[in-house]
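No lab work stands behind these numbers, since they all come straight from the coordinates. Every value quoted in this text rests on a predicted model; they were computed, and no experiment measured them. In this analysis, Cβ positions are derived from the backbone assuming ideal geometry, glycine residues included, and neighbour counts consider all displayed protein chains.
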Amino acid sequence: MKPAIVKDIVLKNKKWLFLVTLAVFGVTLRTVCMASLLKYVTDIAFLGDPGYYGRAVLLVALYVLLSPVAGVFYDFSSNQFFRHGSLLLKERWLRYIQAKRLSEYHVQESAAYISHFSSDVLTLQEDYLGSMITILQYLFASAASVAAIFRVHYLFLVFLAATFWIPLALNRLMEQPVVSARLTASEANGRFIFELKEILNGFEVGKLFGVTSYLGRKFRDADAEMEKRRFLARFWQAAAGTLAYSAGVLLWLSMMLLGSFLVFRKQITMGSLILVIQLFNNVAAPLQGVPPLLLKMKSAGRLYEMIEEKLNGEGKAPAPSGQGRELPPGPVRQIKLQDVSLRQGERSVLRHVDLCFEAGKKYLIKGESGCGKSSLLKVLLGVFAGYDGCVRIDGLDFRKLDKDGWYRRLGVVNQSDFVFCDTLRDNLTMFRDVKDEELNCMVDCCCLREFVDSHPEGLDFMIEENGKNISGGERQRICLARALLRKPEILILDEATSALDTATALEVENYVLGRPDMMVIAVSHKIFPETEVLYDAVISKPPEEELSFVIHRK
């Protein structure tokens, strides 16, 4: 895992890391005390002196009382460490996504994003943070145990020094297949979530067009591939663990033989042998347990490195939201497109566009479907960044402007805008504080009064996921009202009244065009002679391929 992630997830979580370290020390102390008690009781039995039994009972009682305290403290602090680590990582990834420009964000990747925030975050908890704490526990326990074993007889330490490399060599042997299998399993999981999301989002279309069987086959294929990759990842992980376990058992049995020989030679007591056997578990466990844990940490690190690069380019720390030059104070006076061309693949969408939009004026863009009207608006919104030519806002290069500052000056309504699963009030205000008089006035101006009054909850009516309990016309009026409540300098409308009946569309359009404080740039197929004459200019795309948009002034 990259150092930046370790710093954010571990060092920023240092309070709980410190408490986890204390808890690990307490658990280690508990283990050493248990082995020492067994030695003490065994030696008492061999000595046959009843005078020591009272002290033994007291020590056992004290151990029984304190042992659960150490265990509970360890469980509490380690789970808090996991919890805060997950919170930090998810917040970091969300900042990466939210820092993207519109031109960098791809809706098609949302399934992969969801996979990162669900299964991949669990990988951080279990495979990185969990492994790190377990290794810390192993290190504490093995260090204390080696010190205690050395006090029994130096030959035990010589034996450990001569054999510790065996599990490490096996770990090196299994590293590549384990890491590779876990990465491919993560990729297959992302593809599965994408197919599931497609089926759920396209449920109505699939049902109406009779393609549910086909979609079901795609789902089963993606599911089978994911489970296959998961199986391989589990298999290689288990194989690595089995090899490490076998090596640990071999070392443990060899240590038993050495200890039995020393007892036979009367160089150590039977109690000391039991102490060594108990504490050797703390030495053998790291030798067989640490290699698989290191593999887990390495594969998790590779996975998160890949996600970091995917979400934020080269894995750098998230950039501040507002980057680029800020527009100067005051209203925007002019938007100018100079020789703007745009290609999507092999197709030329815009060709040599020269247009000028001025403050307070109203512009209608019309033309055949596919002639580039919506693409022209997306250039102004920063969705399409790979255009040729120049867009200038009051003489400043649009590419170098802070886009967040630009968006604060805009109100945007698309044909089928997104609405949140929240109250009507919050969808109108976009979670800002707006006075009731202002809100009710906009409800009336956008022809929403009947809709509001038809629900007992009024403005607190709950809109369901993606607006499935409202009509297309209601959605458009809600989106228009929320755009106007921002009091934008520039209002951009892309087929914003396409779902409205004629009377409502006329009323809404008349209200918008009667606002002298806004520049309006509207794309529409539904054009009424009554309102077309209210626009300061009509921009159209002639059918000839070599010509660009042409502006017709009144």
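Quick one: which residues, 5+ away or cross-chain, put their amide H under 5 Å from the amide H of I539? H built at 1.01 Å from N.
Sorted by chain and number, the residues that satisfy this are L364, I365, K366, H552.
Straight-line reach from K39: which lysines fall under 22 Å, measuring Cα to Cα and dropping same-chain residues less than 8 apart?
Correct list for K39: K266.
Which of the GluC sites (Glu not before Pro) across the range 433-483 are loop residues per DSSP, with 13 or fewer other Cβ within 10 Å? Could you put the intermediate results ahead of the total?
Values: sites: E437, E438, E450, E457, E464, E465, E474; in loops: E457, E464.
Answer in residue order: E457, E464.
Which net charge results when you count Lys and Arg as +1 and Asp and Glu as -1 among the other residues whose beta-carbon is under 13 Å from that of F219?
-1
Would you mind counting up the charge near L294? Only other residues with Cβ under 11 Å from its Cβ, with Lys and Arg at +1 and Asp and Glu at -1. Before the final figure, lay out each step's value.
Details: positive: R172, K296, K298; negative: D127, E175.
Residues near L294 contribute +1 overall.
Within a 10 angstrom radius of the beta carbon, how do C356, C479 rank from fewest other beta carbons to most?
Listed from fewest to most nearby Cβ atoms, that is C356, C479.
If neighbour count is taken as other Cβ atoms inside 10 Å, put C445, C33 in order from fewest to most.
C33, C445
For K228 paired with D501, estimate the spin-label separation in nm (one decimal), with each label point 7 Å from Cα along the Cα-to-Cβ line.
5.6
For D388 and T212 in the same chain, what is the full-extension length gain: residue separation times 0.36 nm, less their Cα-Cα distance, in nm?
Gain on extension, D388 to T212, equals 59.1 nm.
Cross-link partners among lysines for K336, C-alpha distance below 21 Å, same-chain residues fewer than 8 apart left out?
Answer for K336, where 21 Å is the Cα cut-off: K361, K362, K366, K373, K378, K400, K403, K541, K554, listed by chain and number.
DSSP loop (so not H, G, I, E, B), at most 15 other Cβ within 10 Å: list which GluC sites (Glu not before Pro) in the range 55-120 pass both filters.
E104
Given the rule -39500 (n - 2.57) for each run of at least 4 DSSP H residues, summed and divided by the residues of the chain, what is its mean residue ellipticity at 222 nm, to the nearest 500 deg cm²/dmol?
After summing the helix terms and dividing by residue count, I get -20000 deg cm²/dmol.
Can you tell me the FRET efficiency between E104 and L65 if r is taken as the Cβ-Cβ distance and R0 is 51 Å, rounded to the nearest 0.05?
Calculated value: 0.30.
Relative contact order of the chain, please, whole-number percent, based on alpha carbon pairs below 8 angstrom and at least 6 residues apart.
With pairs under 8 Å counted, the relative contact order is 15 percent.
I'm spelling it out carefully: the read-out is percent of Cα pairs over 33 Å apart, the candidates are (1) 40; (2) 52; (3) 61, and one was derived from this structure. Which label?
The calculated read-out lines up with (3).
By how many nm would the segment from T423 to D436 grow when fully extended, if each residue of separation counts as 0.36 nm and the alpha-carbon distance is taken off?
My answer for the length gained is 3.2 nm.
Report the gain in length on full extension from C356 to E91: 0.36 nm times residue separation, minus Cα-Cα distance, nm rounded to one decimal.
Extra length available between C356 and E91 comes to 91.3 nm.
May I ask you to sort Y113, Y105 by Cβ crowding, counting other Cβ atoms within 10 Å and putting the fewest first?
In order of increasing Cβ crowding within 10 Å: Y105, Y113.
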